[in-house]
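These notes concern the structure reproduced below.
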Amino acid sequence: MTLEDSDFSFYVRATTHDDLGSVMSINEATLPENYPLFFYEDILEKYPNSFLVGCLNAGGSEKVVGYIMWRLERGISEFGVKIVKKGHLVSLAVLDAYRRNGIAAQMLAKGMHAIYAYGAREFVLEVRVSNVPAYNLYSNKFGFEKKKVIPQYYRDGEDANFMAANRLPPLVD
Ligand code: COA
């Protein structure tokens, strides 16, 4: 996308049920891990504040260009011997044409604060070992550490890097 027109802005807001069609289209265009509608509805019902969409407003009309969703889990801490609530990143994506505008970073920061508000004190995720853009996002900007490799985590046989963080990032706009 050429950002010559000054009449545009990117922002992040809570997802509504009406957004789920756009969210599913973005997911299907960007990731091989796809889900039925009820899966999104379930996450939206349980964790509405951390299910966010990234939007472009150009000339007064809004387009959903990205999304992030989390779920809450309880388990052994990635940073010590204790039981904690963890925010597990379920899925994050931005349409190709709108990348490198800071939309994922904005959604990740707001999403981490929102799942923290649900009780999460650590944040965990899996990312394909080949996914350099996402790995950089998590490690360079958000302090996620690689904890282990999960062999053949994905259906096509690719391994996942399992990453975790225990600090909230600053909120960015
Ligand atoms: N190469 C290297 N680093 C990259 C990158 C790339 N192509 N894209 C993002 N990053 C890193 C950089 O550190 C970047 O900061 P910088 O622009 O200041 O250098 C940082 O991430 C933030 O980038 P941002 O603009 O917020 O990311 P984005 O909106 O372009 O979205 C993804 C990043 C990963 C969500 C996007 O590439 C995407 O949707 N990919 C396909 C789906 C996917 O892989 N999801 C993650 C699954 S775990």
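Calculate the dipole size of the chain relative to its Cα centre from +1 charges on Lys and Arg beta carbons and -1 charges on Asp and Glu beta carbons; express the result in debye to the nearest 20.
Numbers: 19 positive and 21 negative charges, 190 e Å.
The dipole of the chain has a size of about 920 debye.
Apply the a/c threshold of 1.5 to the C-alpha gyration tensor of segment 80-128 and tell me whether it is rounded, prolate or oblate. Cα axes put segment 80-128 in the prolate bin.
Take every pair of alpha-carbon atoms less than 8 Å apart whose residues are at least six positions apart; their mean separation over the length of the chain yields a relative contact order of 19 percent. In order along segment 12-27, the phi-based Karplus estimate (6.51 cos²θ - 1.76 cosθ + 1.60, θ = phi - 60°) of 3J(HN,Hα) comes to 10, 9, 5, 7, 10, 4, 5, 7, 5, x, 5, 4, 5, 5, 5, 4 Hz; Gly and Pro are listed as x.
Taking 81, 23, 53 in turn, the Gaussian network model of the chain (Cα-Cα springs below 10 Å) assigns the largest fluctuation to 81. Label positions at residue 132 and residue 72, each projected 7 Å from the Cα along the C-beta direction, are separated by 3.8 nm.
Ranking 52, 127, 22 by how far each Cα lies toward the positive end of the dipole of segment 3-165 (charges on Cβ) leaves 127 at the top.
Just 110, 86, 141 to compare: in a GNM of the chain, with alpha carbon springs under 10 Å, which one fluctuates most? Looking only at 110, 86, 141, the biggest GNM fluctuation is shown by 141.
Sort 42, 19, 7 by accessible area with a 1.4 Å probe, largest first.
Numbers: 42 65, 19 15, 7 90 Å².
Largest accessible area first, the residues go 7, 42, 19.
In the context of the full protein assembly, residue 13 retains an accessible surface of approximately 60 Å², using a probe radius of 1.4 Å and ignoring ligands and nucleic acids. Pairs exceeding 25 Å between alpha-carbon atoms, taken from 85/110; 46/146; 46/110; 46/85; 86/148: 46/146. The long axis of helix 37-46 is offset from the longest Cα principal axis of the chain by roughly 70 degrees. Only protein atoms count toward the accessible area here, which uses a 1.4 Å probe; on the chain, the carbon and sulfur part of that area reaches 49 percent.
Taking only the C-alpha atoms of the chain, Rg followed by Dmax gives 15.9, 52 Å.
Taking 47, 135, 154 as the candidate residues, the one with maximal mean-square fluctuation in a Gaussian network model of the chain, Cα springs under 10 Å, is 154.
Average 1/r across all pairs of distinct alpha carbons in segment 23-114, invert it, and you get the Kirkwood radius: 14.3 Å.
Which whole-number value in Å² is the accessible area per residue of segment 3-165, probe 1.4 Å?
Working: 8270 Å² over 163 residues.
Ligands and nucleic acids excluded, the result is 51 Å² per residue.
The values are calculated or read from the model by the stated rules, or taken from the named source; none is laboratory data. Keep in mind that what you see is a predicted model, and the values were worked out from it rather than measured. All Cβ positions, even for glycine, are placed from backbone atoms using ideal geometry, and neighbour counts span all protein chains on display. Side chains are part of the model used for accessible areas, which takes the heavy atoms of the whole protein and leaves out ligands, DNA and RNA. Shrake-Rupley method; radii C 1.70, N 1.55, O 1.52, S 1.80 Å.
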